[in-house]
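The values are calculated or read from the model by the stated rules, or taken from the named source; none is laboratory data. From a predicted model like this one, the values you see are computed outputs, not experimental measurements. Positions of Cβ are generated from backbone atoms using ideal geometry, with glycine treated the same way; all protein chains shown enter the neighbour counts.
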Amino acid sequence: MTTDTTSPNYRRYALSMLLAVNLLNYIDRQVLFAVFPLLKSDLQLSDTALGFLGSVFMLSYLMTAPLFGWLGDHWSRLRLAAGGLVVWSLATALAGFAPGYRTLLAARAVVGVGEASFGTVSPGLISDFFPRERRGRVLSWFYVAIPVGSALGYLLGGMLGHRFGWHAAFLVVGVPGLLLALPIALMREPPRGGQDAAPDDEQEVKTGGYAALFRNRSFVLNTLAMAAMTFAIGGLAQWIPSFLYRTHALDVEKANTLFGAVTVLAGIAGTLTGGWLGDRWQKRTPRGYLLVSGWGFVIGAPLAAAAFLSTSLPGCMTAIFLAEFFLFLNTGPLNTVIVNVTNPGVRAMAFAVNIFFIHALGDAISPSILGWLSDQWGLRQALLVTPLAMGLAALFCFACGRQVAADMSVSSDRGPGTGDQ
């Protein structure tokens, strides 16, 4: 049955609104890393202390995600998304008034709570607006916000921080989110699994709750692959601007502008290519999404190492561009795997569990670990840990590929585009 929420125009509107919020999500998340050199100088911080500013955000993010995942499967997802937007936008803006390190830590922790609310419910919302065979491409458009928002966070943070100080950077990027909260809250919510789910199956799986997810081998292996990837990409996102500042003698504005430009170009190209390739290969084999992601990690790992070992700025930035392209290649495919192997009745909980583990094992710890290693060995040597994590992500992708057909076949979310099972 066609409803207002499944009309083509409303689908496009919903996708554009949720994409805009996800864009702000990553701007507010990444602006911190753009002003690292300024915070280090102003507050007299070690690299370990700087790294913990990134880690405390992720710790609060992953600790609150399971709660929001449960709420997302039992309450209005759009109200949770709108409420989270208000919380993290206010916390980001108020960080602009932080007098010292402890207050800034507290503000970043609150940002994590707000973003966890949005992060657990938004992929399921997107999936319920669109049929299964289009989800790889649609989710890749949604996740274009990662490179674009990150790049804008670096660009705005570097420019505002260099010219007006780090307080101004937080204040300016935090305000726009408040303007989108009401339109998100007033959107019409699609039926849960409305494109392809059977209500009886949905209720049956709901009773399994979180425990059922840990029996899903594809979900577990896919989450481990994403955790290894998140360890790598979280460390790179946090420390590359500082690497360019220290190793290649760029000032804060130039370092963030250059890295932001490379990130947005590589990220858009990689994310959209990954969504297109994933959907194309998924029609041939149920392992399609995982093959695209796994080989992306295999190719990207040595390129990341080359970026840190290069002694010239052009060589470094070329390698960073290529490494980021192959890293972002996996974004749409791996998130689509989560949707395809889980029941619509527990999707918010599935993304909550995924968020918890990819950040607990990934970028909640990698910034501090790399910061500590940088204090011991130097930043260049510390960053060489990240290609190893990318290689581990590839191994988990290929292992997941051996299980995914069986888990897709027992999921109630069935429809066209499942491959030759």
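The helices (runs of 4 or more DSSP H) falling completely within segment 347-399 that include 3 or more residues that are over 17 Å from the mean Cα position of the chain (by Cα) map to 366-377, 379-383. Of the residues in segment 136-166, how many are surrounded by fewer than 24 Cβ atoms within 10 Å (Cβ to Cβ), within 19 Å of the chain's Cα centre (by Cα) and closer than 16 Å to Tyr245 by Cα? Qualifying residue count, segment 136-166: 1. Counting only helices (runs of 4 or more DSSP H) that fall entirely inside segment 71-183 and contain at least 2 residues that are touching an Asp or Glu at 6+ places or on another chain (Cβ under 9 Å), at pLDDT below 80 and within 30 Å of Val292 (Cβ to Cβ), the qualifying elements are 101-129, 135-142. When we screen Leu388, Leu379 for residues that are at pLDDT 80 or above and under 16 Å from Ile240 (Cβ atoms), the only hit is Leu379. Residue count for segment 38-70 satisfying the condition of being in a helix (DSSP H, G or I), surrounded by fewer than 18 Cβ atoms within 10 Å (Cβ to Cβ) and either among the acidic types (Asp, Glu) or touching a Lys or Arg at 6+ places or on another chain (Cβ under 9 Å) (or both): 2.
Every residue, every condition in (1) out of contact with any Ser or Thr (no Cβ under 6 Å at 6 or more places or on another chain); (2) of a type in the set (A, V, I, L, M); (3) on the phi > 0 side of the Ramachandran plot, yes or no:
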{"position": "Met58", "(1), (2), (3)": "yes, yes, no"}
{"position": "Leu71", "(1), (2), (3)": "yes, yes, no"}
{"position": "Gly96", "(1), (2), (3)": "yes, no, no"}
{"position": "Ala109", "(1), (2), (3)": "no, yes, no"}
{"position": "Ala116", "(1), (2), (3)": "no, yes, no"}
{"position": "Pro123", "(1), (2), (3)": "yes, no, no"}
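Being over 22 Å from the mean Cα position of the chain (by Cα), over 23 Å from Leu392 (Cβ atoms) and aliphatic (A, V, I, L, M) is a description that does not apply to Leu265. In segment 297-308, of all residues being of a type outside the set (Val, Ile, Thr) and touching a residue at least 60 places away in the same chain (Cβ under 8 Å), the one that is nearest to Cys400 (Cα to Cα) corresponds to Phe297.
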